[in-house]
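The structure appears right after this line, and notes come after that.
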Amino acid sequence: MQGVTFDIATADGTATAGEDYQATSTTGFSIPAGQTSKPFYVDVYGDTTHETTETFSSTSPT
């Protein structure tokens with residue numbers, strides 16, 4: 001069994017980096033052999049304005 005290493009980054013959906021969340025990226029993100037997941041933390045900014053649900057995603061560039 002072998003672990004995996006990849007790059008990962010946030011990407012805007014309806015949420016906007018810098019306004020709704022902190023854009024984050026990591027090169028060489030590793031999940032060791034035997035594990036099936038590993039947290040990738042993103043700071044989300046709270047606000048007092050009522051808005052519809054906003055989204056962002058994480059991507060792994062090829």
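Things to note:
- If only residues of the range 10-26 that are among the polar types (S, T, N, Q) and more than 12 Å from the chain's Cα centre (by Cα) are counted, the one that is surrounded by the fewest Cβ atoms within 10 Å (Cβ to Cβ) is T14.
- Picking from residues in the range 27-49 that are open to solvent by 50 Å² or more (accessible area, probe 1.4 Å) and not in a loop (DSSP other than H, G, I, E, B), the one that is farthest from Q2 (Cα to Cα) is V44.
- Given (1) assigned to a loop (DSSP other than H, G, I, E, B); (2) touching a strand residue (DSSP E or B) at 6+ places or on another chain (Cβ under 6 Å); (3) without any contact (Cβ under 8 Å) to a residue 24 or more places away in the chain, index of the condition A15 fails: (3)
The values are calculated or read from the model by the stated rules, or taken from the named source; none is laboratory data. Given the structure is predicted, the values throughout are model-derived calculations rather than measurements. Glycine also receives a Cβ, built like all others from the backbone with ideal geometry; neighbour counts cover every protein chain displayed. The protein model used for the area step is the full one, side chains on, heavy atoms only, and it has no ligands, DNA or RNA in it. Shrake-Rupley method; radii C 1.70, N 1.55, O 1.52, S 1.80 Å.
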